[in-house]
Amino acid sequence: MIRYDEQQIHVKKDAALTLKDFFTNNPKIALAFSGGVDSSYLLHAAIKQGAQVRAYYVKTPFQPAFELDDALRLAKLLKADLSVLSLDLLKDQNIVTNSNDRCYYCKHKMFTAILQAAEADGFPLTIDGTNASDDEADRPGMRALKELSIRSPLRECGLSKADVRRFSKEAGLFTWNKPAYACLATRICTGEEITSEKLLKTETAEDFLFSIGFSDFRLRQSGNSAKLQITEEQFPMLLERRSKIVTELKKYFSEVSLDLEVRHE
């Protein structure tokens, strides 16, 4: 249950800026909303602080269906304004060719769409859920955020991923323990063309793994081969269900293997 009457806006004590300060200074904002841990908490915090906020979810072939379902569910629980924007990223050759800068082009296109919608709706500032744990050197998309003047309150206030999960749990948000989930395009090896067929195969295979109890994993594909990355705790379940997994995944891939370097968030 969301406890708006009790939940306080949490910030790290050593942060010069607090979320309360941020929303006081920016009372009318658009939020790039994915339905994940960070943007969900940020939406809750903005509403709690009394800001006028509208969430924008960008629906693309790169997001699995459950992400939109989670975004709609969270927005309904918070009684938040939510706009869903459709964008076909597969029409952009800078993205489809899947170079090292693919994430930059994706982010730039998605946030440009959000900025245009937000401006039309009268919102002067757009924010996103980047937190203080996100490594700028490892995220080409963050360059696009800088170029487009997207603000990241969680990062500016020094809030880490662990902070956001803890505060989300205290707030009663169902997203508090949601595993980090990068877009489907990250499953395809850099340099290999991104196609709707490859994205669909990955989503279908991962949906199957979710259905039999796996979480916080990735199914990487190279050519027509797939490599499963899971957390150490899930190895016993994998061994127990190995035959079933191989049989199912071989409907979509010629080879299925296991990455022995365990996954971490």
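Things to note:
- Residue check, Leu199 in contact with a Pro (Cβ under 8 Å, 6 or more places away or on another chain), buried (at least 16 other Cβ atoms within 10 Å of the Cβ) and in contact (Cβ under 8 Å) with a residue 12 or more places away in the chain: yes
- Residues (surrounded by 20 or more Cβ atoms within 10 Å (Cβ to Cβ), among the polar types (S, T, N, Q) and under 12 Å from Gly129 (Cα atoms)) located in segment 156-183: none
- Search result, residues across segment 126-147 that are touching a helix residue (DSSP H, G or I) at 6+ places or on another chain (Cβ under 8 Å) and either among the hydrophobic types (A, V, I, L, M, F, W, C) or on the phi > 0 side of the Ramachandran plot (or both): Ile127, Ala132, Met142, Ala144, Leu145
- Summed over segment 144-155, residues that are assigned to a helix (DSSP H, G or I) and surrounded by fewer than 19 Cβ atoms within 10 Å (Cβ to Cβ) total 2.
- Some residue of segment 103-114 being among the polar types (S, T, N, Q), at pLDDT 95 or above and under 18 Å from the mean Cα position of the chain (by Cα): yes
- Selection from segment 11-61 of residues that are hydroxyl-bearing (Ser, Thr, Tyr) and not in a helix (DSSP H, G or I): Thr18, Ser34, Tyr56, Tyr57, Thr60
- Within segment 107-120, if we keep just the residues that are in contact (Cβ under 8 Å) with a residue 24 or more places away in the chain and out of contact with any Ser or Thr (no Cβ under 8 Å at 6 or more places or on another chain), the residue that is surrounded by the most Cβ atoms within 10 Å (Cβ to Cβ) turns out to be Lys107.
- For the residues Ile95, Ile114, the requirement of being in the same structural domain as Lys28 (by TED's automatic domain parsing), part of a helix (DSSP H, G or I) and in contact with a Cys (Cβ under 9 Å, 6 or more places away or on another chain) singles out Ile95.
- Residue within segment 121-134 that is assigned to a helix (DSSP H, G or I), at pLDDT 95 or above, surrounded by fewer than 18 Cβ atoms within 10 Å (Cβ to Cβ) and aliphatic (A, V, I, L, M) present: no
- Scanning segment 185-200 for residues that are more than 18 Å from Lys59 (Cα to Cα) and out of contact with any Lys or Arg (no Cβ under 9 Å at 6 or more places or on another chain) yields a count of 2.
- Residues within segment 61-92 that are of a type in the set (A, V, I, L, M) and either assigned by TED's automatic domain parsing to the domain that holds Thr204 or within 20 Å of Arg187 (Cα to Cα) (or both), tallied: 5
The values are calculated or read from the model by the stated rules, or taken from the named source; none is laboratory data. This structure is a prediction, so every number in the text was calculated from the model and none was measured. Neighbour counts are summed over all protein chains in view; Cβ atoms, including those assigned to glycine, are modelled from backbone coordinates with ideal geometry.
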